[in-house]
Amino acid sequence: MTECAYCKAREGDHLYEDELCFAKLVRRPATTGHIVLLPKEHFAIIEQVPDEVMHHLFVVANKLGAAAFDGLKAQGSNLLIQNGIAAGQTHNHVMLHLLPRFQQDGVDFTWQPQQVEEAQLDAVIVSLSDALAEKKSLSSSVSEVSSDEQYLLDQLHRLP
């Protein structure tokens, strides 16, 4: 995919690189040592990423996090995936952000918990369970729709 700036950036100096992914320092970081870890193959959202690649990304993120603790003396870390426009995704390529954290670094991921009625929780459980069951049945059958086409079809249902 030639339009993707991150696919074009696969070559060059990387903090880490292997056959499936690469990691770079962010030029405009949220914290010192802010790293983005990307699959080499182009995927727009995490639903497109094969399970084995997601697994690999998190194994590598774990090693990068350990390096941040040891090398930068980080006191904590956050892993963040902005998946979709509503989640703040600004680039059309899956990336996992690793933010080394330090006391009083100015980054705040707190939110105000909401009070939810028991009936609302039950409805959410039913909706998610139904969606998971549908995904399982689709994955066990052979589909004539490619993963890219399925992604586009699914996105139509996600539009406001």
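Among residues other than LYS63 whose Cβ falls under 11 Å from its Cβ, what is the net charge (Lys/Arg +1, Asp/Glu -1)? Summing Lys/Arg as +1 and Asp/Glu as -1 gives -2.
Per residue, the convex hull spanned by the Cα atoms of region 71-128 measures out at 156 cubic angstrom.
Each of GLN103 and VAL26 was given a label point 7 Å from its Cα along the Cα-to-Cβ line. The distance between the two points is 2.4 nm. Full extension of the chain between TYR16 and GLU117 gives 31.8 nm of extra length, using 0.36 nm per residue less the Cα-Cα distance.
For PHE58 and LEU72, the difference between the fully extended length at 0.36 nm per residue and the C-alpha to C-alpha distance is 3.0 nm. Extents of region 5-101, largest first, come to 34, 31, 24 Å (Cα atoms, principal axes, whole angstrom).
Counting Lys and Arg as +1 and Asp and Glu as -1 over every other residue whose Cβ lies under 11 Å from the Cβ of LYS40, the net charge comes to -4.
In this calculation the C-beta distance from LEU128 to HIS91 is compared with R0 = 35 Å, giving a FRET efficiency of 0.80. Within the straight-line cut-off of under 25 Å between alpha carbons, the lysines reachable from LYS73 are LYS24, LYS63, sequence neighbours fewer than 8 places apart in one chain being disregarded.
Panel order for LEU72, LEU128, by other beta carbons found within 10 Å of each beta carbon, from fewest to most: LEU128, LEU72.
Each reported figure results from applying straightforward, stated rules to the coordinates on display, with no laboratory input. Keep in mind that this is a model prediction, so the values were computed, not measured. Every residue, glycine among them, receives a Cβ derived from its backbone with ideal geometry; neighbour counts consider all protein chains shown.
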